[in-house]
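Contents: one structure, followed by commentary.
The values are calculated or read from the model by the stated rules, or taken from the named source; none is laboratory data. Bear in mind the structure is a predicted one, so any value in this text is a computation, not a measurement. Positions of Cβ are backbone-derived with ideal geometry, glycine not excepted, and every protein chain shown enters the neighbour counts. Ligands, DNA and RNA are stripped out before the accessible areas are found, and what is left, the full protein with its side chains, is counted by its heavy atoms. Shrake-Rupley method; radii C 1.70, N 1.55, O 1.52, S 1.80 Å.
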Amino acid sequence: MKINRLNPFLICAAAMAAPIAMAQQDFSKVEIATEKLSATTYMMTGAGGNLGLSIGEDAVFLIDDQFAPLTPKITAAIAKLTDKPVRFVLNTHWHFDHTGGNENVGKAGAVIVAHENVRKRLSVEGFIEFFGMKTSAEPRIALPVVTFTRDLSFHINGDEVYAYHVPKAHTDGDVVVHFKNSNVIHMGDTFFNKLYPFIDSSSGGTVDGVIAAVDRVLRIAGDGTKIIPGHGPLGNKADLKVYRDMLAAVSGRIKGQIRQGKKLEEVVAAKPTADFDAVWGKGFLAPEKFVEMLYGNLKKK
Ligand SMILES: [Zn+2]
């Protein structure tokens, strides 16, 4: 996805995984790391959203595709594991650090699948208000060709890959993907592991929707389930529970302050994240920015 107007710091912040590379718009130093999670599933990291893969006897099923310049590196990393082609690419949501490779994978013949709101948002100019970031409409080849509203399953590589929509969460088009036989779940950006999360209010996201999405995963995950976050290291159910508790605590405090009529400056000054900053505040969103984002999101309701 092309970014029309951007502050290099902000795109760096939004892209997160390789801040220095992003600030320079230079992906040449980015390396794709592969972590095997089960007999057929993998997590890959580079720059942008974490990738999830199923690789086996049928074909390659890929979750998200980071940035266009990284497609050759991602393809090379996959080729180390299999000679089979990427047949499906599932986008967890529309953000450019998860869909930037869509044009390349579409041209290479993969079937792109997503919630219908992902296609809608990629089809037109976009705007991520919190970062003041405009995005341009994607060409047809980059758009999902299979869309759904609620859920769907892929039967591939001996697994049942169940993808379901979680409403009004990080955006209005998020899906969570459950590799049922592999005991692996990819949560897209409804889960940031050990980083304060971004919630895109201007794309229909809400903090309560994120918490609801997390609660649903907590109900289906077991202690041994491997959980791929949109950003941050591989997690598990305990990590997700801690994330849920942090989100509920901080948003609860801010809700209370909004009810008392407190202004943003007052809420920031009250430091409602103080006891969480050591773990969560060192990554992508600084504590004050996280508070500002939640305040805006909760005020909007
Ligand atoms: Zn996102």
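Tabulated results
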item	result
Computed E for Ala269/Ala248 - FRET, C-beta separation, R0 30 angstrom, nearest 0.05	0.85
Translational diffusion of the range 63-114, µm² s⁻¹ [Kirkwood Rh, Cα pairs; Stokes-Einstein; 20 °C; 1.002 mPa s]	197 µm²/s
With DNA, RNA and ligands ignored, accessible area of Arg121 (1.4 Å probe; Å², nearest 10)	60 Å²
Distance (nanometres) between label positions extended 7 Å along Cα→Cβ at Lys299 and Arg216	3.0 nm
Sequence of Tyr164, Tyr42 when ordered by accessible area, the most exposed leading, probe 1.4 angstrom	Tyr42, Tyr164
Set of lysines with alpha-carbon distance to Lys80 below 17 Å, sequence-local pairs under 8 removed	Lys36
Antiparallel bridges, percent of DSSP beta bridges restricted to the range 97-166 (to nearest 5)	75 percent
Cβ-defined net charge surrounding Val60, 9 Å radius [Lys, Arg +1; Asp, Glu -1]	+1
Listed residues Val175, His155, Ile185: farthest to the positive end of the dipole of the chain (Cβ charges)	Val175
Compactness index (Cα Rg / 2.2 N^0.38 Å), the range 64-175	1.07
Most mobile listed residue (Lys194, Lys289, Lys262) in the chain, GNM with C-alpha springs under 10 Å	Lys262
Candidate residues Lys168, Lys84: accessible-area rank, largest first, probe 1.4 Å	Lys168, Lys84
Only Lys, Arg (+1) and Asp, Glu (-1) charged, at Cβ; the chain dipole about Cα centre in debye	560 debye
Greater than 19 Å apart at Cα, pairs in Lys255/Lys300; Lys107/Lys168; Lys194/Lys255; Lys168/Lys271; Lys120/Lys168	Lys107/Lys168; Lys194/Lys255; Lys168/Lys271
Rounded to the nearest 20 debye, dipole of the range 173-301 from Cβ charges on Lys, Arg, Asp, Glu	280 debye
Other-chain or far-sequence residues with amide H under 5 Å of Leu285's (modelled H)	Tyr196
The chain - mean residue ellipticity at 222 nm from DSSP helices (-39,500 (n - 2.57) per run, n ≥ 4, rounded to 500)	-9500 deg cm²/dmol
Computed accessible area, Met293, all protein chains, 1.4 angstrom probe, square angstrom	10 Å²
Note, ³J(HN,Hα) from phi for the range 53-70, Karplus 6.51, -1.76, 1.60, rounded to Hz, x at Gly and Pro	9, 10, 10, x, 5, 8, 5, 9, 10, 10, 9, 6, 9, 6, 10, 3, x, 8
Accessible surface, per residue, of the chain when the full set of protein chains is kept, probe 1.4 Å, Å²	41 Å²
Protein-only accessible surface order, largest first, of Val166, Val124 at 1.4 Å	Val124, Val166
Max mean-square fluctuation residue, GNM over the chain, Cα-Cα springs under 10 Å, options Ala269, Ala142, Ala286	Ala269
Principal axis dimensions, largest first and in whole angstrom, of the chain by Cα	59, 43, 35
Positive-end extreme of charge dipole, the chain - chosen from His93, Gly235, Gly204 (charges on Cβ)	Gly204
Contact order relative to length of the range 79-235, as percent, for alpha carbon pairs under 8 angstrom and 6 or more apart	19 percent
Point-to-point label distance, Ala108-Val145, nm (Cα→Cβ direction, 7 Å offset)	1.5 nm
Listed residues Ile55, Ile74, Ile258, most fluctuating in the chain (Gaussian network, C-alpha, under 10 Å)	Ile258
Gain in span if fully extended, Leu234 to Glu288, counting 0.36 nm per residue against the direct Cα distance	16.9 nm
